[in-house]
1. Give the stretch 32-59 a look and list any residue that's among the basic types (K, R), in a helix (DSSP H, G or I) and under 22 Å from D7 (Cβ atoms), or say none.
2. Taking E72, is it in a helix (DSSP H, G or I), modelled with pLDDT under 95, in contact with a Pro (Cβ under 6 Å, 6 or more places away or on another chain) and charged (D, E, K, R)?
3. Please verify whether the stretch 31-45 includes one or more residues that are under 13 Å from the mean Cα position of the chain (by Cα) and of a type in the set (K, R).
4. Only residues that are without any contact (Cβ under 8 Å) to a residue 24 or more places away in the chain and farther than 14 Å from A48 by Cβ: list them for the stretch 25-35, please.
5. Which residue pairs have Cβ atoms under 6 Å apart, sit 6 or more places apart or on different chains, and have a first residue in the stretch 10-24 that is over 12 Å from S42 (Cβ atoms) and a second that is small (G, A, S) and in a loop (DSSP other than H, G, I, E, B)?
6. Output the number of the condition that E56 fails; it satisfies all remaining conditions of (1) closer than 19 Å to L16 by Cα; (2) surrounded by 13 or more Cβ atoms within 10 Å (Cβ to Cβ).
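The values are calculated or read from the model by the stated rules, or taken from the named source; none is laboratory data. Bear in mind that the values here come from a model prediction, so they are computed numbers and not experimental data. So basically every Cβ, Gly included, is an ideal-geometry build from the backbone, and we count neighbours across all protein chains shown.
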Amino acid sequence: MKKSPSDEYLEKAKLLNEEACERLLSRARSKLKRRLDDKKISMLEVVALQLEIEDEDLAEWRERIAEIKSAEDKKKTKSK
């Protein structure tokens, strides 16, 4: 896990309203929550890290879906 969020994600986190921050914190991994509880990092940093993690996960998911669709398209063209 990354030790600190990038400046880009810190800026994105600053722009979020309280409700969006709470939602992100509710989805945060336990390791991030422990670091927040231990006062090792700020809430803004936790939100920024969670945003970064979710963006990376979303990019991976989109990549896998594109691969699956590509494989399905190949199967359809073969069966025709």
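1. Listed by number, the list holds a single entry, R35.
2. Spelling it out, it is not the case that E72 is in a helix (DSSP H, G or I), modelled with pLDDT under 95, in contact with a Pro (Cβ under 6 Å, 6 or more places away or on another chain) and charged (D, E, K, R).
3. no
4. Residues satisfying the conditions are S26, S30, K33, R34.
5. none
6. The single condition E56 does not satisfy is (2).
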